[in-house]
Amino acid sequence: MKKILFTIFISFFITTAFAQFNENDKALADKAFNNKDYYEAAFYYKKVASGLNLVPQPEVPFRSNGKSPKSAKSFDRAYISYQLAESYRLYENYLEAEGWYFKVIDGGNAAKYPLDRLWYGICLRANQHFDEAIKQLEQFKTDYNGTGNYIAIADKELANCRFAKEQYQYPALIDVVKMKGTINSDGSDYSLIINNGSRWITSSRIIKDDKKHLNRVYAVKDSSSNPEMISFNNSDNKKEVEYGTPSIDPTGKRMYLTRWYKEGSKIIHGIYLSTRANNEWGTPVKLNTNVNVEGFNSLQPFVTADGKRLFFASNKPGGQGGDDIWVSDLDASGNPSNSVNLGSTINTPLDEQAPYYDSSDKKLVYSSKGFVGLGGFDFFVSYESVGQWSTPKNMGYPMNSAKDDLYYFPDDKDGKKFYLSSDRASDCCLDLFEVFDKKYVLTGIVTDCDTHTPLAGVKVSFVDSLSKDTIKQEVVGNDAKYTFNVTTKRPYNLILKKKGYFTKSLPVPSQGEMRNDTLLSPDICLQAFIINKPIVIKNVLYDFNKATLRPESKVILDGIVKIMIDNPKIKIELSAHTDSIGSDAYNMKLSQARAQACVDYMISKGVSDTRIFAKGYGKTRPIAPNSLPDGKDNPEGRQLNRRTEFTVLKAE
């Protein structure tokens, strides 16, 4: 399990600016490191580093203890820097580790410690210095000639960096907020669950007479009151037994939980069942060998809402490697009758933990280190269908962070709120966070631009503007209504298509407000066209007796450019017409110049000259009388005849 404090460092280990190291400090550091007590190892390596002047010291008055410091020559400075970096990294203090790995490289010792640059790159990624991390990881791949799967690790971390850069640029539409009040403490606080309106958490907070941070299950009334510890009878008299990650069946009378303790240097995890009777939780009973296998760990149970299945994490035989997600059927007494590994779609050779299963949506939310993500444990979601699981999808930033993110649970009253546990705000411990879903539904109606009536049969596609992937597609019915879920701040487009109408592509706003044709209004209209039938372009204006486009005319032509971009297969003729004043030759020349001015402008905006043709018709194609029946001038008719049109010549 991650971020659980099993011991607390005693206060007399606090170092001062004058701390000297002795010959035992390095030995103590090496011993702690070999025992995988990385926090203690870091303490002693830091003492040695201070004595070697590897750590900057503040200027203070001289004070002597009468002893001379150990000669730095008898210590390998690069070794101390590297081991200190390793100690920090292995208890996931990436911020401190980054600088010490850099000291090794900066001191010219990268060849002596060939993995240093790999771990340095991982720390840079964890500290969100993605571009520099990519640089260092690529350099590691170039330099490394050793054995092992370290190149594969570098490749995965490079993928993580690139994924993270995009996620931080285009986050999911959610807010993640650390919970206030007394629910978070000086220890780890995690795995909030809700059952029949009541809440439980796991916490390693210090309580009265405690000398160590031991994990226990707590009941939580509300954010303003202190969590109340649940006491369990320790029937086998194991020392320093810890309890956590509870899951309660729908009756509220069966609590499945993880119980663990230390035997020598090994920590033994198992899943137990406690039954509630007479308003008390009974002695936890270890589940049978379908779940708990001797010599292996099982942990983090989750019982489904119908009480019939138990999901859990275990490294027992038959998995893909590391901790895997498993599921058992439960009999009438709540005991597992079997266990099935969820397979290679869900599980990887690395660790998967903390399953949550939504029975109504058949949705599995769990945490994994094995897929591309932001780093540490990331949340993934997969859906079950006829015993098969969909490819897990990373739930993105800020649901996930560069550190460990586990234990998803929805709120029981607010469908747009849920909870998670993460060490994103800590160097050591998990905290509890509230998550507020800001996703929205984009919906509206497609109309005909001319008739302003609903337009059925339009194919509407919701498209990722970056990858060009179609996220969802639907054909509107008689109500012409479209509906899509917008979940992130990535740029999306709506693309609307119907035969006999110009295709239209519009950007989707990230905030969900809509209006006409900018998606800031529910209505979007499509313009109909008929091959070889001219469409008048209104308000394309020129100076008198000239072919020069006015600024307002260019704005109108930009709309035609957009049509050409959204409909890359159409070819059009753009034509200009005049009234009857002036000679035929004069009007033909002027109209051709005006049509060409329009075409030249559109070509300057990126339209291919093979798709648009200029044609001046002069006064040969009037659409209204230039004079009245009595021979007098007809200004309104001449105004209509002085027009610009475009005609679709080919649509495919």
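Computed values, structure above
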read-out: Cα centroid separation - the range 22-52 against the range 367-386, whole Å; value: 36
read-out: Solvent-free Debye scattering, log10 I(q)/I(0), computed from the Cα coordinates of the range 92-238 at q = 0.17, 0.19, 0.20, 0.21 Å⁻¹; value: -0.93, -1.02, -1.08, -1.16
read-out: Net charge, Q136 excluded, C-beta distance under 13 Å - Lys, Arg +1, Asp, Glu -1; value: -4
read-out: Of K180/K253; K459/K489; K262/K308; K156/K393, pairs whose Cα-Cα distance is over 20 Å; value: K180/K253; K459/K489; K262/K308
read-out: Length released on extending from L350 to K546, taking residue separation times 0.36 nm less the Cα-Cα span; value: 63.2 nm
read-out: Candidate aspartates and glutamates - alpha carbon under 12 Å from K212, same-chain residues fewer than 8 apart omitted; value: D186, E240, E242
read-out: Per residue accessible area of the range 371-437, 1.4 Å probe, in Å²; value: 36
read-out: Portion, in percent, of the accessible area of the chain that falls on carbon or sulfur, probe 1.4 Å; value: 51
read-out: Two-site FRET efficiency, T391 against N24, from Cβ-Cβ distance with R₀ of 56 Å, rounded to 0.05; value: 0.60
read-out: Residue-span extension gain [E652 to T289] - 0.36 nm each, minus C-alpha spacing; value: 124.1 nm
read-out: Angle between the chain longest axis and helix 551-566 axis [Cα atoms, degrees, rounded to 10]; value: 60
read-out: Acute angle (nearest 10 degrees) that the helix 77-90 long axis makes with the longest principal axis of the chain, alpha-carbon atoms; value: 70
read-out: On Cα atoms only, tilt of 150-169 relative to the major axis of the chain in degrees; value: 50
read-out: Residue-span extension gain [E474 to H129] - 0.36 nm each, minus C-alpha spacing; value: 120.2 nm
read-out: Charged-residue dipole, Cβ positions (Lys, Arg, Asp, Glu), the range 221-362 about Cα centre, Debye nearest 20; value: 300
read-out: Cα→Cβ-extended label distance, 7 Å offset, between K31 and A159, nm; value: 4.3
read-out: Ranked by how many other beta carbons lie within 10 Å on average, peptides 282-288, 131-137, 593-599 from highest; value: 593-599, 131-137, 282-288
read-out: Accessible heavy-atom area order of K180, K439, K489, highest first, probe of 1.4 Å; value: K180, K489, K439
read-out: At 1.306 mPa s and 10 °C, Stokes D of the chain from Kirkwood alpha-carbon radius, µm² per second; value: 52
read-out: CD proxy at 222 nm, helix term only [per DSSP H run n ≥ 4: -39500 (n - 2.57); per residue of the chain; nearest 500]; value: -7000 deg cm²/dmol
read-out: Ordering of 558-569, 536-547, 373-384 by packing [mean C-beta count within 10 Å, highest first]; value: 373-384, 558-569, 536-547
read-out: For the range 457-512, alpha-carbon Rg relative to the globular expectation (2.2 N^0.38 Å, N residues); value: 1.12
read-out: Residue pairs, from the table K504/K546; K36/K211; K533/K615; K47/K135; K538/K605, whose Cα atoms sit over 23 Å apart; value: K504/K546; K47/K135
read-out: Cα coordinate range in the range 545-652, projected on the principal axes (Å, largest first); value: 48, 27, 24
read-out: Length-normalised contact order for the chain - Cα pairs under 8 Å, 6+ apart - percent; value: 8
read-out: Shape of the range 187-331, Cα gyration tensor, a/c cut at 1.5; value: oblate
read-out: Summed residue charge, Cβ within 9 Å of D427's Cβ, Lys/Arg positive, Asp/Glu negative; value: -3
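The values are calculated or read from the model by the stated rules, or taken from the named source; none is laboratory data. Keep in mind the model is a prediction, meaning the values are calculated, not measured. We place every Cβ from the backbone using ideal geometry, glycine too, and count neighbours over all the protein chains shown. Heavy atoms of the whole protein, side chains included, go into the accessibility calculation; ligands, DNA and RNA do not. Shrake-Rupley method; radii C 1.70, N 1.55, O 1.52, S 1.80 Å.
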